[in-house]
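I have placed the structure first, in the form of structure tokens, so that the comments after it can refer back to it.
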Amino acid sequence: MAVQEVTLEEFEKIYEGAIEDPSKQPTRLLRRAYDGTIIALSYAEILLSQAIRLHGPEAPVGYPDTAYFLPVIRALSGEEVTKLGDLVPILNRMRSQVKPELTFENARLWGESTLYAAEIIEAIHYLEKDEPKVEPWTGFLSDPVVRRYGIKLVDWTIPGQAVLLGRARSSKDAAKIVEELMGAGMMIFASDEIVEQLLEEDVKLGIDYIAFPLGNFTQVIHAVNFALRAGMAFGGIAPGLREHHRDYQRRRVLAFVLQLGEIDDVKVAAHFGAIFLGFPVICDTELDEEIKDWYVSHTDYDDLVKFCMELRGIKLTSVKIDIPLNFGPAFEGETIRKADVAYEMGGGKTPAFELVRTVGLEDIKDGHIEVIGPDTDELPEGSRVPLGIMVDIYGRKMQTDFESVLERRVHYFINYAEGLWHVAQRDMCWLRVSKEAAAKGFRFRHYGDILIAKFKSEFPAIVDRVQVTIITDKDKVEEMLEVARAKYRERDERMKGLTDDKVEEFYTCTLCQSFAPNHVCIITPERVGLCGAVTWLDAKASYEITPTGPNQPIVKGPAIDDVKGMWESVNKVVQKESRGNVDEVNIYTFMDKPMTSCGCFEAIMAIFPEANGIMITTREHKGDTPCGMTFSTLAGMVGGGVQTPGFMGIGRSYIVSRRFIPADGGLARIVWMPKELKEFLGEDLRQRCEEAGLGRDFVDKIADETVGTTPDEVLPFLEEKGHPALTMDPLM
């Protein structure tokens, strides 16, 4: 990906006018920043010298579970720090750039040096194993957390990043600030005494809530290294492009620092580190001196959050939903454990479904919500409840092709509410309501409030009117479940008539780049997305709804290789979307330049060389497999957007596609799969085997865990059954 050049002079323009009269520098503030920087660098130097004496200069340093070494240093200078001795010249360089002249320009460089000092201090803490070990304190946030939330930060699904330091006037004030930020969907980093205040008020903190209690003061650097990794991962900014990183942080990572309570000199120096990256600082105490737009005071807690967001230019587009729960992306990853459940629906425990339907103008009453059956106030706590969620939509530009796309958004919208939990889809959905949400007054009808508001706000181009029916009466749920299943079958049948040869374009899907930044799915009529949830029709409809969204068309053009499935047009798109990490992709083989895998795949194919075939395992199968690895181990190897010949993540339904790895021998290569997967594919798999000339009984020649999970156990079974893979051309 080409990076637009950014000069230091261009970047400096954003600070113009901060000090209206350059002859009147805020000398007291700048003096404190200078003194604080000297203190921070001296402390880092003392710790580094002690660590080298104790462990030696070759002692390894780094944070856990990251590919970015020490990310602040890696991003701004490009250096790959791996041992203590590497830090000595870096610290000396940072000290040498601290000039004593009290200017705003110098103060920002002091701030940069303070960021380096904090990173060095924290790296030594990790070497000494002196870092947070107990929840909810997070300390350094690993790369998987950056992948999970970083893309949402830089594409503004999460509107911004709030860094909280110090101590609020009271614990209740601290809770109020954080709840307002959560309600606005902000990512929150907290350090110092405010964390204790929030715990006193039982505020929900942790990775699942995008509210990270980092630890003590110096651990606030983990908010900075999170933001800089987001720039490297999702902005395509190479390590060492210092001004590009500053520019990206200012433009894309809408962060601000909220300093609560007393301010010492080291904190002032750290504040200028934030300003160096383009993040303003707001203090809740009166300041003797301010710097316009960059270092300011605001003492009124009633609109403190609003003021901070306005100063940073964070614009909220979310609608206010009249429910008794906090609502926003902060709660999307919330887990509701069994002991905390007030009501549970679906998940194999009760019949449940969700269905989005297109209806005519005469069949809808806009904004109407109907509950058929008992609501939560009529049910005892702990109830398992049948549930049907029916969303009827009218729109002048609405199409039936859009129904399944919108239906999958039910999952996201419900999960945005604190205390509500939703997984899976269609008639496999599973929902929970927490005891806390029930105590706050949640009713099933509030599902309707959420869905009406979000469908209208998120899809204004195609959604004009919405009504929602919530069904908890068991007989009615079972009746309408058959209606829903008929609709699901109708959608699936429409898909079966499409083939790769009959369309002029494929589609990309980059939804999973939040945790696999170099991965891109290529969706074809005969190859569903790896998650199993995005078909070619879904991707086509998604593009029509949101032309700039994650699903983009690829005009096929002539093929480079018809057998393996390579197209020049696909290669160009994959090169671009993978940021140059993947040059070529074959769609119809997993042995030569296969499609990359993300991490949300339903199943994994792996070569089984002893049998000259492949084995398939699924997320649901927790046991061993003949390749000697469990699903989770395989997932760690093939995920993350890398090409791994002989291994590949897939959607379950791809197995019954006519384009199932045809260049490698297709279905005849399958020698092992979990029994549960056989049962799930059922008649579709037997029918495909018959169409492929293998016979319906071929399924019985495929081993599963009841036969064995090692080559020694599986091979005799395959030989006894006369499995064709044993006599096919070698895979390798």
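Listed by first and then second residue, the pairs with beta-carbon distance under 8 Å, at least 6 apart or on different chains, first residue in the stretch 608-633 and under 18 Å from P716 (Cβ atoms), second of a type in the set (F, W, Y) and modelled with pLDDT under 95, are T625/F631. Looking only at residues of the stretch 99-140 that are of a type in the set (V, I, T) and part of a helix (DSSP H, G or I), we find that the one that is nearest to P213 (Cα to Cα) is I121.
Among the residues in the stretch 523-544, are any at pLDDT below 95, among the aromatic types (F, W, Y), assigned to a helix (DSSP H, G or I) and over 29 Å from I237 (Cβ atoms)? Taking every residue of the stretch 523-544 in turn, at least one turns out to be at pLDDT below 95, among the aromatic types (F, W, Y), assigned to a helix (DSSP H, G or I) and over 29 Å from I237 (Cβ atoms). Screening the candidates V503, V468, V477, V463 for the property of being of a type in the set (V, I, T), more than 17 Å from V391 (Cα to Cα) and open to solvent by less than 30 Å² (accessible area, probe 1.4 Å) yields one hit, V503. Determine if the stretch 189-205 includes at least one residue that is in contact with an Asp or Glu (Cβ under 9 Å, 6 or more places away or on another chain) and modelled with pLDDT under 90. Checked the stretch 189-205: at least one residue is in contact with an Asp or Glu (Cβ under 9 Å, 6 or more places away or on another chain) and modelled with pLDDT under 90.
Residues checked against (1) open to solvent by less than 40 Å² (accessible area, probe 1.4 Å); (2) touching a helix residue (DSSP H, G or I) at 6+ places or on another chain (Cβ under 7 Å):
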site	(1), (2)
T633	no, no
G639	yes, no
I655	yes, yes
K678	yes, yes
E683	no, no
R686	no, yes
L694	no, yes
E713	no, no
H723	yes, yes
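For the stretch 7-27, the candidate set comprises residues that are closer than 13 Å to G278 by Cβ and charged (D, E, K, R); within that set, the residue that is most open to solvent (accessible area, probe 1.4 Å) is K13. E193 meets the conditions (1) over 20 Å from the mean Cα position of the chain (by Cα); (2) over 23 Å from A274 (Cα atoms); (3) touching a residue at least 60 places away in the same chain (Cβ under 8 Å) in every case but one. The failed one is (2).
Listed by first and then second residue, the pairs linking a residue in the stretch 84-109 that is within 21 Å of F279 (Cα to Cα) and open to solvent by less than 50 Å² (accessible area, probe 1.4 Å) to a residue that is β-branched (V, I, T) and in a helix (DSSP H, G or I), with Cβ atoms under 8 Å apart and 6 or more places separating them unless they lie on different chains, are V98/T37; V98/I38; L102/T27; A107/I275; R108/I275. Taking the criterion of being part of a loop (DSSP other than H, G, I, E, B), on the phi < 0 side of the Ramachandran plot and open to solvent by less than 30 Å² (accessible area, probe 1.4 Å), the only residue of the stretch 557-580 that qualifies is S578. For V528, the test of being of a type outside the set (K, R), under 30 Å from the mean Cα position of the chain (by Cα) and surrounded by 21 or more Cβ atoms within 10 Å (Cβ to Cβ) is passed. So which of E690, E676, E683 is among the charged types (D, E, K, R) and closer than 23 Å to D624 by Cα? Answer to the check: E676. Condition check for D392 on (1) at pLDDT 95 or above; (2) charged (D, E, K, R); (3) not in a strand (DSSP E or B): one failure, at (3).
Could you list, in sequence order, the residues of the stretch 340-359 that are at pLDDT below 95 and either in contact with a Pro (Cβ under 6 Å, 6 or more places away or on another chain) or not in a strand (DSSP E or B) (or both)?
Hits for the stretch 340-359 are G347, G348, K349.
Checking each residue in the stretch 401-447 for being under 14 Å from M390 (Cα atoms), open to solvent by 10 Å² or more (accessible area, probe 1.4 Å) and touching a residue at least 60 places away in the same chain (Cβ under 8 Å) picks out S404, R408, Q425, R426, D427, R445, H446. Close contacts from the stretch 569-590, counting a first residue that is closer than 23 Å to I604 by Cα and a second that is among the hydroxyl-bearing types (S, T, Y) and surrounded by 23 or more Cβ atoms within 10 Å (Cβ to Cβ), with Cβ to Cβ under 9 Å and a gap of 6+ residues or different chains, come to V574/T596; S578/T596; N581/T596; V582/T596; V585/T596; I587/T524. A single entry from F69, F104 fulfils the requirement of being out of contact with any Cys (no Cβ under 7 Å at 6 or more places or on another chain) and on the phi > 0 side of the Ramachandran plot: F69.
The rows are residues; the columns are (1) of a type in the set (D, E); (2) open to solvent by 30 Å² or more (accessible area, probe 1.4 Å); (3) on the phi > 0 side of the Ramachandran plot.
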site	(1), (2), (3)
A175	no, no, no
P239	no, yes, no
E243	yes, no, no
L260	no, no, no
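Out of D192, D173, D155, one residue alone is acidic (D, E) and within 30 Å of G641 (Cβ to Cβ). It is D155.
The values are calculated or read from the model by the stated rules, or taken from the named source; none is laboratory data. Nothing here was measured: the structure is a model prediction, and the numbers come from that model. Methodologically, a virtual Cβ is constructed for each residue, glycine included, from the backbone with ideal geometry; neighbour enumeration extends over all protein chains shown. Quick note on the areas: whole protein, heavy atoms, side chains included, nothing else; ligands and nucleic acids left out. Shrake-Rupley method; radii C 1.70, N 1.55, O 1.52, S 1.80 Å.
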